[in-house]
Amino acid sequence: MRFEIQFSGNKSIRSIHQKTIEITKESHLTPNGDCIVGVNATSGCADLPQELKDKLKVSGAKVIFSICVGEYEFVLEGKGHPDLILTHSEDIVIRKSDFICPRTLAVKCDKASDLLPREMVLLLQDPKTKGTFTIIVE
């Protein structure tokens with residue numbers, strides 16, 4: 001199953017967190033949000049289709065993420081988990097750890113926001129930049 005979320009850049013995007021990546025429906029961003037790669041997202045965890053949520057809750061489900069901005073694409077993999085809550089109305093967070101909260105979409109991911117190409121981060125620091133966050137559950 002495949003699901004796409006559109007998002008925008010923000011002048012405060014730093015993308016330096018070593019354990020997570022986040023997109024948010026919020027329009028503002030504070031310096032503490034150093035894992036955020038996009039704002040004004042079209043979906044938070046709560047907005048995901050039930051069929052996708054069900055697939056994400058399969059133990060060990062393989063989840064592939066793609067973040068596309070301009071000519072750049074950043075791909076990473078994570079795992080689903082039966083304990084995922086998926087109820088946060090604003091945020092989606094993918095994690096290298098196995099920590100689960102209402103914002104968590106996937107765990108045990110192989111990359112975090114610090115590995116986003118810096119050219120992509122520079123584009124994302126322009127509020128006019130648009131990006132696509134794609135979720136594929138196999």
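Values for this structure:
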| quantity | calculated |
| --- | --- |
| Charge dipole (debye, nearest 20) of segment 1-64; +1 at Cβ of Lys and Arg, -1 at Cβ of Asp and Glu | 180 debye |
| Count, lysine Cα pairs under 15 Å in segment 2-137, 8 or more residues apart or across chains | 21 |
| Potential extension, residue 16-residue 110 segment - 0.36 nm per residue separation minus Cα distance | 32.3 nm |
| Mean ellipticity per residue at 222 nm, deg cm²/dmol - from DSSP H runs of n ≥ 4 across the chain, formula -39500 (n - 2.57) | -2500 deg cm²/dmol |
| Highest-first arrangement of 10-23, 45-58, where packing means the average Cβ count within 10 Å | 10-23, 45-58 |
| The chain: most fluctuating residue of 44, 78, 60 per GNM, C-alpha cutoff 10 Å | 60 |
| Relative contact order for the chain, counting Cα pairs under 8 Å that sit 6 or more residues apart, in percent | 36 percent |
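Read-outs throughout are calculated quantities, based only on the coordinates presented, and are distinct from any laboratory measurement. Note that this is a predicted model, so its numbers are computed, not measured. FYI the Cβ positions are ideal-geometry reconstructions off the backbone, even for glycines, and counts take in every protein chain you see.
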